[in-house]
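Novice: Here it is, the structure, as structure tokens.
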Amino acid sequence: MPVDLGNTKPLAWDSADLDADTRAMLDNLQPNILQPHTREHLSVLFVHFGDGADGRRFLRSLVPLMKSARKHLEEVRAFRESATPGTVYVGVGISKAGYLALGHATNKFTDNAFKSGMKRRKDTLSDPPVGDWEIPYQKEIHAVILIGDATKAPVTAARAKVVELLPATAGILGEETGLAQRNPEGKGIEHFGYVDGRSQPLFLADQVAEEKGVNWNPFFPLSHILAADPLAPKPDQHFGTYLVFRKLEQNVRAFRQAEKDLADSLGLTGEDRERAGAMLVGRFRNGTPLRLHGKPSSDGWPTQNDFSYRDDPGGKCPVSAHIRKTTPRETRDGGLERGGVMMARRGQTYGTRTDNPWDDAPPETRPTGGVGLLFMAFNSSLQDQFEFMQQAWANDPDFPEPGTGQDPIIGQGKRTVEVRFPESWGSTKLSPPQKQIPQTVTMKGGEYFFMPSLAYLKSL
Ligand code: HEM
């Protein structure tokens, strides 16, 4: 039986009744796709192949360092049951230019964004000119190697092995080092100080069982994330996914100043001042969704995810907030009716901080650069998911309605539209129109990759 990508039931990956094709899929799929891999520490290597045969041998030689999605899921379970630590994550993505350098035709890939490469999509996405990207990203990147773990030592060791395997004809064009940030509650946060990575599409039965909701269904079919690996020995058993990688620098000082200015111009006082930032993100710093609470919840479960925006025209969570622009949640299966836009976000913060990203210290004490997000997300279609979300939603000042403005966090393009915010939480009374906050996230470069099946890598 072919793998049922459209199955409307979450995948019971550990079931004894699993058909042979689905088993083969799990044994050949890379980890970190169906479920995030722990990666407090991450090394990202961008590689260029000078010689196709050497490049193929190199990729094949990485397979013994890699594990399958099934092995990863078993490790996650063992960690939960007996705190047994898992093994290091080594992931491989290949760009269109990379496949060509390896001597493969790319006509069997269906995704046009992937086949163009990110540089040629910059106008569609309103990205900065390629000449302004950091140097490694201006070059022709053939492959990305992701190496991640809960601690630093295994990453350093696996990175050294990868570098050792690199043939003389290949080179490392650039490298990023990801380092997770956490708040005092231990939750993963991004550099503006907000809990991140909370809302995700879920594919597996055990994950979905843990996050049952009545207003929002986090389950999405595998068709959302998997694409047949067209160059693998058996494309009906061997799957991969498209990776979007973007280095997004965050000007934390400017963002914290913008939060303050917004609180001032709306006349917010006392505790209510925190609502300014929450109206930009859609959640308070500790993860509390503005849709459900007017102030940070301390009920022990602040990072709730069971909500939709059906009964909130924007008085609680403004329609312009980052999480609302990028996931409108209009129906219980929000996003699906628009072609299934939600992606599996697997980003990682980069850069170190001498201040505490989560606290209330003044903007002047915050970094203006050198820190940000290595934005990574898996898609079955880059065009219908990442690109659609960035272009048709985040960058469009008229989405979901005229006068919404760009996404305050990631919107690109001139921010000329004036915007309005509810005067108090849940109020239909809106502020007078005011300037949007300045853009505080800058794209420094990126690329599109396909994360092939292990079967493909072994076949090289
Ligand atoms: C530096 C850049 C970024 C920052 C600081 C940022 C920050 C955040 C934060 C704090 C959340 C809330 C946590 C959660 O609900 O999981 C979030 C959620 C989200 N972000 Fe971002 N983000 C960034 C880039 C992006 C990009 C480039 C995209 C897509 C094009 C994106 C799409 C999303 C989506 C889809 C959600 C989940 C919304 C939901 O399901 O409710 N983000 N982001």
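Novice: Order of 121-130, 90-99 by packing, highest average Cβ count within 10 Å first?
Specialist: Taking the mean over residues of other Cβ atoms within 10 Å, the ranking is 90-99, 121-130.
Novice: Please give the length that would be gained between S116 and T442 if that part of the chain were fully extended, namely 0.36 nm times their separation in residues minus their C-alpha to C-alpha distance (nm, one decimal).
Specialist: 115.2 nm is the gain from fully extending S116 to T442.
Novice: For region 371-460, run through the chymotrypsin sites (Phe, Trp or Tyr not before Pro) and keep only the ones in DSSP coil with at most 16 other Cβ atoms within 10 Å of their Cβ.
Specialist: Passing sites in region 371-460 are W425.
Novice: Here's another thing I want to ask about it. Give the Rg/Rh ratio for region 36-120, taking Rg as the radius of gyration of the Cα atoms and Rh as the Kirkwood radius, to two decimals.
Specialist: Ratio value, two decimals: 1.07.
Novice: Roughly how many nanometres apart are two label points built 7 Å out from the Cα toward the Cβ at A53 and E185?
Specialist: Between A53 and E185, the simple spin-label model gives 5.8 nm.
Novice: Further question on the same structure: State, to one decimal in nm, how far the label point of D355 lies from the label point of S427, with both points 7 Å from Cα in the Cβ direction.
Specialist: My value for the distance between the label points is 2.9 nm.
Novice: By per-residue mean of other Cβ atoms within 10 Å, what is the highest-first order of 12-24, 244-256?
Specialist: 244-256, 12-24
Novice: If you bin every alpha carbon distance in the chain into 20 Å steps from zero, what whole percent lands in each bin?
Specialist: 25, 58, 17, 0
Novice: Can you list the lysines whose alpha carbon is less than 23 Å from that of K260, not counting same-chain residues fewer than 8 positions off?
Specialist: Correct list for K260: K295, K316, K325, K414, K429, K435.
Novice: Here's another thing I want to ask about it. Applying a 10 Å radius around every beta-carbon, put 188-201, 156-169 in order of their mean neighbour count, most first.
Specialist: So the peptides 188-201, 156-169, ranked by packing, come out 188-201, 156-169.
Novice: So if we plug the beta-carbon distance of I172 and E210 into 1/(1 + (r/R0)^6) with R0 = 35 Å, what FRET efficiency do we get, rounded to 0.05?
Specialist: 0.35
Novice: Report the Cα centroid-to-centroid distance between region 131-206 and region 235-273 in angstrom, as an integer.
Specialist: The distance from the Cα centre of region 131-206 to that of region 235-273 comes to 19 Å.
Novice: I've got another one for you. Can you tell which of G315, W425, G351 lies farthest toward the positive end of the dipole of the chain, using +1 and -1 charges on the Cβ of basic and acidic side chains (Lys, Arg; Asp, Glu)?
Specialist: So the residue furthest toward the plus end is G351.
Novice: Along the charge dipole of region 114-225, Cβ charges K/R +1 and D/E -1, which of P136, A150, V208 sits furthest on the positive end?
Specialist: P136
Novice: Next up: For region 356-460, which trypsin sites (Lys or Arg not before Pro) pass both filters: DSSP loop (anything but H, G, I, E, B) and at most 16 other C-beta atoms within 10 Å?
Specialist: Those satisfying the criteria are K414, K429, K435.
Novice: Using a Cα-Cα cut-off of under 19 Å, which lysines could be cross-linked to K71, ignoring same-chain neighbours fewer than 8 residues away?
Specialist: Output for K71: K458.
Novice: Next question, about the same structure. Would you calculate the separation in nanometres between label points at S223 and E330, each defined as 7 Å from the Cα along the Cα-to-beta-carbon direction?
Specialist: 2.0
Novice: Compute the FRET efficiency between L5 and E164 as 1/(1 + (r/R0)^6), taking r as their Cβ-Cβ distance and R0 = 25 Å, and round to the nearest 0.05.
Specialist: Working from the Cβ atoms, E equals 0.10.
Novice: Lysines within cross-link reach of K119: Cα-Cα under 18 Å, excluding same-chain residues under 8 positions apart?
Specialist: Those lysines meeting the cut-off are K96, K139, K247, K444.
Novice: Give me the base-10 log of I(q)/I(0) for region 305-460 at each q in 0.14, 0.17, 0.19 Å⁻¹, Debye formula, one uniform scatterer per Cα, rounded to two decimals.
Specialist: For region 305-460 at q = 0.14, 0.17, 0.19 Å⁻¹, log10 I(q)/I(0) is -0.88, -1.20, -1.35.
Novice: Provide the gained length on full extension for the span R310 to D17, in nm with one decimal, where the gain is 0.36 nm per separating residue minus the Cα-Cα distance.
Specialist: 101.6 nm
Novice: Using a Förster radius of 35 Å, what is the FRET efficiency between Q138 and V63 based on their Cβ-Cβ separation? Nearest 0.05, please.
Specialist: It comes to 0.70.
Coordinate-derived values only; no laboratory data. Not measured: the values here are computed from a predicted model. Backbone-built Cβ (ideal geometry, glycine too); neighbour counts: all protein chains shown.
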